[in-house]
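Mind looking over this structure? Questions follow.
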Amino acid sequence: METVPSFITPFDLIMQKTSATESERISLLLVVGAIEQGGRTMAALLRKGPLLGITGSALVKNIQGEEVQKLDQIGQETFLSLFRRTRAVRSILSEEAEDPESLSVEQINPLLVAMDPLDGSSNISVNAPIGSIFGVFRPTHSDPASPADLFLRASSPLLSAYLLYSVSTSLVLSFAGETHVFTLDPDSGEFLGTGVPCRFPEKGKIYSTNEAYLPHWEKSLQEYAAWIKTERKPPMILRYIGALVGDFHRNLLKGGIYLYPAEAGEKASGKLRLLYEAYPMAHIAKNAGGIATDGKRDILTIEPRSLHQRVPLVVGPSDLVHEFQEMTGNPLSDI
Ligand code: AHG
Ligand code: MN
Ligand code: MN
């Protein structure tokens, strides 16, 4: 007789983990429930995409000077309203708003959420993978610190997650030392996973980066990029989706390194944002046997100086990140 596979939900995963206190666990369940509901809503909207007229530009620029897409705004409103409703989130920081928003809370141990509600916005109009990224933090102070201060004192996330909207919708959750992959079952509306923690495979040979920027990289990085294609055994192959969530996900499952380094000129600090892009991916990678660095330091040890701070990001399985650091002259002895 064929065995029916048994699956677990994100709810089961959080209930299985004992590291959080009871009240914090309730806050986490409410937050993850909001992420799941947002994922269902976004996936349903994206299935219709251009038929709903939602795949174009909103014809405005965000605080970072980037063109805002209608789906950036829809993602912002969708997740914001769901987090407001949890009453378990003290403050929320988003790529799409200059200042964090303070929310009303009822839970004893409310949390902080930093989010990129829509990642990979240049992929929207061409029906290519996009996602949403979340870092969930424990507030370090219970005093009435300003919301901005709360985020600037945040350290490594308590829970991180991303949603990937592609052929199917994935939810990757990292919590209590493990990373788990769930898939949205469109029939039941549930996110289902195997319960087996996800680890980067060893000996991956993929690299993901926008090599058009190579002339603006530091010399050691240019040399690394040449070495991985020629002298390295085996040579690496390039895959680049242009959405951090999509590139990271492929690298997580197949073994690959993602690089968005600093560049000479305007992108001297790279492009990606520390609190809601680099931190969550670094945390997810760490709990899957990986490392994230800015080229010199572990991303998770960097203290944020500003809310929308950018940071160079190199993330992937430990063997590939160590190799990158050695080849570029900054071996990571302590990670
Ligand atoms: P966002 O859509 O949230 O602004 O993020 C886009 C980011 C990231 O997802 C992706 O890896 C990177 O921009 C791609 O940048 P390039 O087009 O410069 O390669
Ligand atoms: Mn992004
Ligand atoms: Mn975004």
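Of the conditions (1) without any contact (Cβ under 8 Å) to a residue 60 or more places away in the chain; (2) away from ligand 1 (no atom under 16 Å from the Cβ), residue 138 clears all except one; give me its number.
Every condition holds for residue 138 apart from (1).
Give the residue, chosen from 257, 284, that is crowded, with 22+ Cβ neighbours inside 10 Å, more than 10 Å from residue 316 (Cβ to Cβ) and more than 13 Å from ligand 1 (Cβ to nearest atom).
284
Can you tell me which residue within the range 93-112, out of those that are within 16 Å of ligand 1 (Cβ to nearest atom) and in contact with a strand residue (DSSP E or B) (Cβ under 8 Å, 6 or more places away or on another chain), is nearest to residue 69 (Cα to Cα)?
Filtering the range 93-112 for residues that are within 16 Å of ligand 1 (Cβ to nearest atom) and in contact with a strand residue (DSSP E or B) (Cβ under 8 Å, 6 or more places away or on another chain), the one nearest to residue 69 (Cα to Cα) comes out as 96.
Against the definition (assigned to a loop (DSSP other than H, G, I, E, B) and open to solvent by 60 Å² or more (accessible area, probe 1.4 Å)), how does residue 156 come out, yes or no?
So residue 156 fails the test.
Mind checking which residues of the range 69-118 are more than 15 Å from ligand 2 (Cβ to nearest atom), open to solvent by 20 Å² or more (accessible area, probe 1.4 Å) and assigned to a strand (DSSP E or B)?
Across the range 69-118, the qualifying residues are 90, 101, 102.
Right, next: If I filter the range 194-239 down to residues being closer than 29 Å to residue 7 by Cα and in contact with a Ser or Thr (Cβ under 7 Å, 6 or more places away or on another chain), which single residue comes out as surrounded by the fewest Cβ atoms within 10 Å (Cβ to Cβ)?
Here the answer is 197.
Assuming residue 128 fulfils every condition listed in (1) more than 18 Å from the chain's Cα centre (by Cα); (2) within 15 Å of ligand 1 (Cβ to nearest atom); (3) aliphatic (A, V, I, L, M) apart from one, which condition is it?
Condition (1) is where residue 128 drops out.
Which condition number in (1) at pLDDT 95 or above; (2) farther than 23 Å from residue 56 by Cα is the one that residue 130 fails?
(2)
Let's see how each residue does on (1) out of contact with any His (no Cβ under 9 Å at 6 or more places or on another chain); (2) closer than 30 Å to residue 11 by Cβ; (3) outside the structural domain of residue 15 (by TED's automatic domain parsing):
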| position | (1), (2), (3) |
| --- | --- |
| 152 | yes, no, no |
| 164 | no, yes, no |
| 168 | yes, yes, no |
| 179 | no, yes, no |
| 199 | yes, yes, yes |
| 218 | yes, no, yes |
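Let me ask another. Which count do you get for residues in the range 125-141 that are open to solvent by 10 Å² or more (accessible area, probe 1.4 Å) and within 12 Å of ligand 2 (Cβ to nearest atom)?
Within the range 125-141, residues that are open to solvent by 10 Å² or more (accessible area, probe 1.4 Å) and within 12 Å of ligand 2 (Cβ to nearest atom) number 0.
Further question: When you scan the range 101-115, do you find a residue that is over 17 Å from the mean Cα position of the chain (by Cα) and within 13 Å of ligand 3 (Cβ to nearest atom), even just one? Full working, then the answer.
First, the residues of the range 101-115 that are over 17 Å from the mean Cα position of the chain (by Cα): 101-111.
Subset that is within 13 Å of ligand 3 (Cβ to nearest atom): none.
Scanning the range 101-115 turns up no residue that is over 17 Å from the mean Cα position of the chain (by Cα) and within 13 Å of ligand 3 (Cβ to nearest atom).
Name every residue in the range 282-303 that is touching a residue at least 24 places away in the same chain (Cβ under 8 Å), of a type in the set (Val, Ile, Thr) and outside any strand (DSSP E or B), in order of residue number.
If the condition is that a residue be touching a residue at least 24 places away in the same chain (Cβ under 8 Å), of a type in the set (Val, Ile, Thr) and outside any strand (DSSP E or B), then 284, 299, 302 are the ones that fit.
Just to be sure, is residue 65 closer than 21 Å to residue 275 by Cα and either in a helix (DSSP H, G or I) or in the same structural domain as residue 184 (by TED's automatic domain parsing) (or both)?
Considered against the rule, which asks whether it is closer than 21 Å to residue 275 by Cα and either in a helix (DSSP H, G or I) or in the same structural domain as residue 184 (by TED's automatic domain parsing) (or both), residue 65 comes out as yes.
Going by the conditions given, is residue 114 in contact with a Leu (Cβ under 8 Å, 6 or more places away or on another chain) and either in the same structural domain as residue 167 (by TED's automatic domain parsing) or modelled with pLDDT of 95 or more (or both)?
yes
Turning to a different aspect of this structure: If I ask for residues that are among the β-branched types (Val, Ile, Thr) and touching a residue at least 12 places away in the same chain (Cβ under 8 Å), which ones from the range 158-195 would you list?
169, 172, 179, 181, 183, 194
From the list 65, 49, 38, 53, exactly one residue is among the small types (Gly, Ala, Ser) and at pLDDT 95 or above. Which is it?
Among 65, 49, 38, 53, only 38 is among the small types (Gly, Ala, Ser) and at pLDDT 95 or above.
Among the residues of the range 287-335, which ones are open to solvent by less than 50 Å² (accessible area, probe 1.4 Å) and among the acidic types (Asp, Glu)?
Listed by number, the residues that qualify are 294, 298, 323.
Which of the residues spanning the range 1-51 are assigned to a loop (DSSP other than H, G, I, E, B) and open to solvent by 50 Å² or more (accessible area, probe 1.4 Å)?
1, 2, 3, 4, 5, 6, 7, 18, 19, 21
The values are calculated or read from the model by the stated rules, or taken from the named source; none is laboratory data. Source: prediction; values computed, not measured. Methodologically, a virtual Cβ is constructed for each residue, glycine included, from the backbone with ideal geometry; neighbour enumeration extends over all protein chains shown. Areas reflect the complete protein model, heavy atoms only, side chains present, ligands, DNA and RNA absent. Shrake-Rupley method; radii C 1.70, N 1.55, O 1.52, S 1.80 Å.
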